[in-house]
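Asker: The structure that follows is given in the form of structure tokens.
The values are calculated or read from the model by the stated rules, or taken from the named source; none is laboratory data. Since the structure is predicted, the reported quantities are computational estimates derived from the model, not experimental observations. Neighbour counts run over all protein chains shown; Cβ positions are idealised from the backbone, glycine included.
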């Protein structure tokens, strides 16, 4: 059973009204423009809907309960505003400053991010290095009072809008392939340039860009955490990032189900509604069950995360199952819509193309299976030893 506090229920209602008034009416224009207007972040920040967890001295609520972020993700997706990728800014990138930053860095970067005046991004992926970060070629050379950053990144979400980018780079000259450093690169730094806003299969309003770094001098004050440990810092946040993805996929699957259910009850075939066909009823019954079960596990993971008990394996299971069930539902939704499902004017069509990335981002389904499989067999091996 889902359990939210009275304060969280009130927060959901207020955030729902905010989306209806300030975000949803502009989504079509932002899709056409290929980017969400920065004012969306500023309006959310002004009302306290952008970053919940930072301490009050940084401008936040100081409440780390993940259920607030769950509410934000669920309500954002329920009204089709997924392309305003506010959770990347708020809960994926922002916490790096809390976990690994100095107090000076938190005071410098968190307040403007909470207000929505400074937009955040993280740059890991390269043309030849996605899930395998060991293949990274971007380098950072220690020059005493600064690091010299060289390389390029691609498929960077918020890449055009971002004012502050956490960039992962290999330490030049380091023997260990996982010796990396996280550098805080700011808009306007000499040698930091953005490429084009990439055209994608879906999510047109979500700016995704190439980033280039040519002899960028990053001061030591902009080093996040301890040089050489960047790879482990990136890994530390992955379980939550995959839970974030799972929350979104579970919500999107239910939305697709509801849209499809309403459509098949109206669509006539052979003189009666498509919903009266046995095949439709069987397929929709299966999806209703699978979506409910995924939601139960996602809620279980949210609870575990709040207790500090979310494991990498749990995050991988939630992410894999939620994104797979979401895709299964969207494929069925398009099929049951018939020719209409292929038309951009129908929500199911856009949802289908927008969601295709979900089985890739934050670790592909194949990588999730590797993580889960390794855990399965390591536990089996351990039990044999015991």
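Asker: Just wondering, is there one or more residues in the stretch 105-126 that are under 30 Å from residue 349 (Cβ atoms) and either without any contact (Cβ under 8 Å) to a residue 40 or more places away in the chain or over 18 Å from the mean Cα position of the chain (by Cα) (or both)?
Answerer: Yes, because at least one residue in the stretch 105-126 is under 30 Å from residue 349 (Cβ atoms) and either without any contact (Cβ under 8 Å) to a residue 40 or more places away in the chain or over 18 Å from the mean Cα position of the chain (by Cα) (or both).
Asker: Would you pick out the residues in the stretch 109-122 that are touching a strand residue (DSSP E or B) at 6+ places or on another chain (Cβ under 9 Å) and either within 23 Å of residue 16 (Cα to Cα) or assigned to a helix (DSSP H, G or I) (or both)?
Answerer: Here is the first cut: in the stretch 109-122, the residues touching a strand residue (DSSP E or B) at 6+ places or on another chain (Cβ under 9 Å) are 109, 112-113, 118-122.
Within the stretch 109-122, 109, 112, 113, 119 qualify.
Asker: Determine whether the stretch 189-200 contains at least one residue that is outside the structural domain of residue 372 (by TED's automatic domain parsing), farther than 24 Å from residue 334 by Cβ and part of a helix (DSSP H, G or I).
Answerer: Of the residues in the stretch 189-200, the ones outside the structural domain of residue 372 (by TED's automatic domain parsing) are 189-200.
Now narrow it down to the ones that are farther than 24 Å from residue 334 by Cβ: 189-198.
Cutting the leftovers down to part of a helix (DSSP H, G or I) gives us none.
Within the stretch 189-200, not a single residue is outside the structural domain of residue 372 (by TED's automatic domain parsing), farther than 24 Å from residue 334 by Cβ and part of a helix (DSSP H, G or I).
Asker: Answer yes or no: is there a residue in the stretch 214-221 that is crowded, with 21+ Cβ neighbours inside 10 Å and either modelled with pLDDT of 95 or more or not in a strand (DSSP E or B) (or both). Even if it seems obvious, please write down each step before you answer.
Answerer: To start, the set of residues in the stretch 214-221 that are crowded, with 21+ Cβ neighbours inside 10 Å comprises 216, 218.
Narrowing the set further to residues that are either modelled with pLDDT of 95 or more or not in a strand (DSSP E or B) (or both) leaves 216, 218.
The answer is yes, given that some residue of the stretch 214-221 is crowded, with 21+ Cβ neighbours inside 10 Å and either modelled with pLDDT of 95 or more or not in a strand (DSSP E or B) (or both).
Asker: Anything in the stretch 110-126 that is under 12 Å from residue 209 (Cα atoms) and either at pLDDT below 95 or surrounded by fewer than 23 Cβ atoms within 10 Å (Cβ to Cβ) (or both)? List them, or say none. Quick ask: steps written out before the conclusion?
Answerer: Filtering the stretch 110-126 down to residues under 12 Å from residue 209 (Cα atoms) leaves 121-123, 125-126.
Across the stretch 110-126, the qualifying residues are 125, 126.
Asker: Taking residue 227 and the conditions (1) buried (at least 17 other Cβ atoms within 10 Å of the Cβ); (2) part of a helix (DSSP H, G or I); (3) touching a strand residue (DSSP E or B) at 6+ places or on another chain (Cβ under 7 Å), which numbered condition does it fall short on, given that it satisfies the others?
Answerer: (2) is the only condition that residue 227 fails.
Asker: Can you tell me which residues in the stretch 143-165 are assigned to a loop (DSSP other than H, G, I, E, B), out of contact with any helix residue (DSSP H, G or I) (no Cβ under 9 Å at 6 or more places or on another chain) and crowded, with 19+ Cβ neighbours inside 10 Å?
Answerer: In the first step, residues of the stretch 143-165 are kept if they are assigned to a loop (DSSP other than H, G, I, E, B); the result is 143-145, 158-163.
With the extra rule that they be out of contact with any helix residue (DSSP H, G or I) (no Cβ under 9 Å at 6 or more places or on another chain), the set shrinks to 143, 159-160.
Those that are assigned to a loop (DSSP other than H, G, I, E, B), out of contact with any helix residue (DSSP H, G or I) (no Cβ under 9 Å at 6 or more places or on another chain) and crowded, with 19+ Cβ neighbours inside 10 Å: 159, 160.
Asker: Also: Which of the following residues is more than 24 Å from residue 16 (Cα to Cα), assigned to a helix (DSSP H, G or I) and not assigned by TED's automatic domain parsing to the domain that holds residue 247: 91, 106?
Answerer: Numbers: 91 fails: more than 24 Å from residue 16 (Cα to Cα).
On inspection, the qualifying residue turns out to be 106.
Asker: In this structure, is residue 361 under 23 Å from residue 244 (Cβ atoms), at pLDDT below 95 and part of a loop (DSSP other than H, G, I, E, B)? Before you say what the answer is, go through the steps one by one.
Answerer: Numbers: under 23 Å from residue 244 (Cβ atoms): yes; at pLDDT below 95: yes; part of a loop (DSSP other than H, G, I, E, B): yes.
Answer is yes for this residue.
Asker: Being within 19 Å of residue 330 (Cβ to Cβ) and either touching a helix residue (DSSP H, G or I) at 6+ places or on another chain (Cβ under 9 Å) or outside any helix (DSSP H, G or I) (or both) is true for just one of 304, 285, 253. Which residue is that? Can you show your working first?
Answerer: Details: 304 fails: within 19 Å of residue 330 (Cβ to Cβ); 285 fails: either touching a helix residue (DSSP H, G or I) at 6+ places or on another chain (Cβ under 9 Å) or outside any helix (DSSP H, G or I) (or both).
Going through 304, 285, 253 in turn, just one is within 19 Å of residue 330 (Cβ to Cβ) and either touching a helix residue (DSSP H, G or I) at 6+ places or on another chain (Cβ under 9 Å) or outside any helix (DSSP H, G or I) (or both): 253.
Asker: How many residues are surrounded by fewer than 21 Cβ atoms within 10 Å (Cβ to Cβ) and part of a helix (DSSP H, G or I) if we restrict to the stretch 342-358?
Answerer: We begin by selecting, within the stretch 342-358, every residue surrounded by fewer than 21 Cβ atoms within 10 Å (Cβ to Cβ); these are 342-347, 349-350, 353, 356-357.
Filter once more, keeping what is part of a helix (DSSP H, G or I): 342, 347, 349-350, 353, 356-357.
So the count comes out to 7.
Asker: Checking the condition assigned to a strand (DSSP E or B), in contact (Cβ under 8 Å) with a residue 24 or more places away in the chain, under 24 Å from the mean Cα position of the chain (by Cα) and surrounded by 22 or more Cβ atoms within 10 Å (Cβ to Cβ), which residue from 168, 140 passes? Can you show your working first?
Answerer: Details: 140 fails: under 24 Å from the mean Cα position of the chain (by Cα).
Exactly one residue qualifies, and that residue is 168.
Asker: Another question, if that's okay. Take the residues in the stretch 94-103 that are out of contact with any helix residue (DSSP H, G or I) (no Cβ under 6 Å at 6 or more places or on another chain) and assigned to a helix (DSSP H, G or I), then tell me which one is surrounded by the fewest Cβ atoms within 10 Å (Cβ to Cβ).
Answerer: So the residue we want is 103.
Asker: Restricting attention to the stretch 230-266, which residues are surrounded by 15 or more Cβ atoms within 10 Å (Cβ to Cβ) and farther than 27 Å from residue 296 by Cα?
Answerer: Those that are surrounded by 15 or more Cβ atoms within 10 Å (Cβ to Cβ) and farther than 27 Å from residue 296 by Cα: 230, 231, 233, 234.
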